[in-house]
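Student: Sharing a structure, written as structure tokens. Questions coming.
The values are calculated or read from the model by the stated rules, or taken from the named source; none is laboratory data. Just so we're clear, the structure is a prediction, and the values are computed from it rather than from any experiment. Counting neighbours? That spans all protein chains shown, and the Cβs are built from the backbone with ideal geometry, glycine included. Note: accessible area is taken over every heavy atom of the protein model, side chains too, but ligands, DNA and RNA are not part of it. Shrake-Rupley method; radii C 1.70, N 1.55, O 1.52, S 1.80 Å.
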Amino acid sequence: MGARPVVARLPAAAAGRLGAWAPRGVLVALGVVGLTVEALGLLSALTNVFLFVALAQAWNLLGGYAGYLNLGMAVFFGVGAYTTGILAHQLGWSPFATAPLAGVVAALWAAAVGVPSLRVRGAYFAILTMILGFLVQSLAYNAALTRGAMGIYVSPLPWDRRLVEQVFYFIYLALAVGTTWLVARLERSRFGYALVAVREDEDAAQVLGVRTTWVKMAALLAGALLAGAAGGIYAQRIGYLEPTGTFSLDISIDVVLMTLVGGAGTWQGPVIGVPLVMLLAEALRVGITRVALFGTRVPTEFNRVVLGAVLIAIALYARHGVMGLIRPVRGRRLTV
């Protein structure tokens with residue numbers, strides 16, 4: 001009789017150890033890949049994955065946990081990129097050194113726009129953040145400091161191509177790991193519970209004592225800080241900044257899409273959704289050119305149609321993303 005509880009606990013203990021060591025094993029494997037892989041295209045693709053994981057986790061704070069659909073992440077990303085780009089172009093400062101400052105500037109911009117935008121909810125908030133993105137893009141086109149459509153050039157790093165790719169690979173890997181760790185810690189904190197309370201019923205949360213305005217603003221500022229820092233490094237990586245690409249709405253939509261596919265409101269969602277969507281998009285882009293209908297090759301652009309249909313199917317049949325399929329969705333009623 002006394003041995004039975006021990007035997008029953010062994011699988012749970014083994015699962016706990018596996019859950020603790022699995023992320024470390026993945027990190028070690030990614031480190032080995034960064035140091036040994038010769039294919040620069042693979043390193044660049046993985047770097048993009050890490051970048052979007054960081055951006056998705058930054059969006060997840062307000063968009064996933066608090067339920068505010070923010071379509072303006074490209075603004076904070078672009079403000080950070082232009083901050084380091086301007087400092088590099090005007091003063092010769094390295095974007096690596098000024099990336100934290102880029103995050104602070106993006107957070108200050110978020111504080112300025114957050115006061116009026118967080119007063120509205122639902123679709124109104126999403127539309128307002130999208131409009132703000134267009135306004136910032138227009139400002140970048142017409143401001144002398146940003147050099148308008150001429151753009152800003154950042155001097156490339158004086159290293160060989162492989163070393164440059166490795167540097168950005170490990171920088172964005174560290175940023176993705178750091179943001180994921182932060183979101184995972186916040187998820188089980190009082191702050192994380194307050195964000196979920198806002199998402200479930202903001203009015204009820206406010207009545208029960210949750211400082212909803214402060215909570216939403218803190219999530220917005222934290223997300224902007226992370227996105228701005230990622231954008232600051234991006235300026236050095238891309239080497240050239242112009243308003244259309246830097247403040248593209250596609251960046252904001254991709255971040256939202258990847259998080260929703262993985263599972264918004266969970267720290268695992270971006271980790272799953274970003275590589276899944278990027279892998280699916282790349283597979284369709286390459287594979288669609290090999291398909292012929294009625295003797296005619298299917299245009300490459302058709303892969304976007306197929307990708308859209310797949311994502312619609314995921315939205316219909318996996319409304320809580322991949323994480324909703326992996327673990328049961330918890331009850332919607334919360335106690336604050």
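Student: Kindly indicate whether Ala66 is touching a Lys or Arg at 6+ places or on another chain (Cβ under 8 Å) and open to solvent by less than 50 Å² (accessible area, probe 1.4 Å).
Tutor: Details: touching a Lys or Arg at 6+ places or on another chain (Cβ under 8 Å): yes; open to solvent by less than 50 Å² (accessible area, probe 1.4 Å): yes.
Considered against the rule, which asks whether it is touching a Lys or Arg at 6+ places or on another chain (Cβ under 8 Å) and open to solvent by less than 50 Å² (accessible area, probe 1.4 Å), Ala66 comes out as yes.
Student: I'd like the residue in segment 197-215 that is touching a residue at least 40 places away in the same chain (Cβ under 8 Å) and among the β-branched types (Val, Ile, Thr) and, out of all such residues, is surrounded by the fewest Cβ atoms within 10 Å (Cβ to Cβ).
Tutor: Thr213
Student: Of the residues Ala123, Ala102, Ala97, which is surrounded by fewer than 19 Cβ atoms within 10 Å (Cβ to Cβ), closer than 25 Å to Ser44 by Cβ and of a type in the set (A, V, I, L, M, F, W, C)?
Tutor: Details: Ala123 fails: closer than 25 Å to Ser44 by Cβ; Ala102 fails: surrounded by fewer than 19 Cβ atoms within 10 Å (Cβ to Cβ).
Sole residue among the options that is surrounded by fewer than 19 Cβ atoms within 10 Å (Cβ to Cβ), closer than 25 Å to Ser44 by Cβ and of a type in the set (A, V, I, L, M, F, W, C): Ala97.
Student: I would also like to ask the following. When you go through (1) at positive phi; (2) among the small types (Gly, Ala, Ser); (3) open to solvent by less than 10 Å² (accessible area, probe 1.4 Å) one by one for Ala227, which number turns out not to apply?
Tutor: Ala227 satisfies every listed condition except (1).
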